[in-house]
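The values are calculated or read from the model by the stated rules, or taken from the named source; none is laboratory data. Remember, it's a predicted structure, so these values are computed and weren't measured experimentally. Here the Cβ positions follow ideal geometry from the backbone for every residue, glycine too, while neighbour counts run over all protein chains shown.
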């Protein structure tokens with residue numbers, strides 16, 4: 001198994017049809033002890049229970065540094081280490097550039113970008129003490145193509161910021177055997193976009209994807225597992241596109 005006896009933390013992972021939970025399930029199947037962090041309303045404990053008794057679900061808000069640090073203390077008390085962090089928590093909003101308000105901007109960037117900062121800051125000292133670790137950040141094809149199909153420009157900005165932050169972490173912490181990489185999913189069938197793709201645009205969208213289909217959460221989860229595992233032990237600062245060829249460059 002690729003992650004046998006590893007402890008993996010996944011933010012925003014309680015949505016059962018989301019990328020985070022698909023990753024949690026695949027990591028558990030590969031031998032990891034998984035910790036799902038999410039808001040109380042998402043019920044992370046219930047999501048973790050569906051993976052089995054060796055896993056843990058904790059309430060944490062990635063926009064609150066103290067909340068992230070408290071969660072890490074609980075993880076250390078139970079497992080004694082953290083080998084993998086998946087910065088998955090993120091929200092989106094379909095809005096045009098000129099309609100973005102200050103509150104919209106703060107809300108979207110807080111979760112994706114500030115959340116990546118705070119969760120990583122909480123986990124990195126543990127990884128430094130171990131002289132090992134892998135952080136995988138979930139960005140988006142919208143960061144690369146200048147806008148997504150569903151998310152607004154502030155979502156693109158947040159996810160582009162994740163790419164820059166991850167590369168900076170990769171450069172700073174590589175000497176301590178801590179790898180930091182990104183995954184940029186394209187259009188993936190999750191609850192976030194369920195029912196939001198207009199039928200009259202669906203075929204046009206599919207025509208722009210060489211593999212001819214919308215992605216599934218497991219398509220992304222497999223790539224996250226690869227980057228978390230020793231199969232990618234000489235990869236850091238990498239951006240792995242998972243978009244069916246939507247953005248060949």
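On the given criteria, is residue 206 under 24 Å from residue 22 (Cα atoms) and without any contact (Cβ under 8 Å) to a residue 12 or more places away in the chain? Yes, satisfied.
For segment 12-21, the condition of being assigned to a strand (DSSP E or B) and under 17 Å from the mean Cα position of the chain (by Cα) holds for none of the residues. Within segment 149-176, the set of residues being under 17 Å from the mean Cα position of the chain (by Cα) and over 17 Å from residue 240 (Cα atoms) comprises 151, 155, 157, 158. The set of residues in segment 190-200 being within 27 Å of the chain's Cα centre (by Cα) and at pLDDT below 80 consists of 191, 192, 193, 194, 195, 196, 197, 198. When the test is whether a residue is under 22 Å from residue 246 (Cβ atoms), in contact with a helix residue (DSSP H, G or I) (Cβ under 6 Å, 6 or more places away or on another chain) and buried (at least 18 other Cβ atoms within 10 Å of the Cβ), residue 186 does not pass it.
Name the residues in segment 220-241 that are in contact with a strand residue (DSSP E or B) (Cβ under 6 Å, 6 or more places away or on another chain) and in a helix (DSSP H, G or I), would you? Scanning segment 220-241 gives 220, 223, 224, 227, 228.
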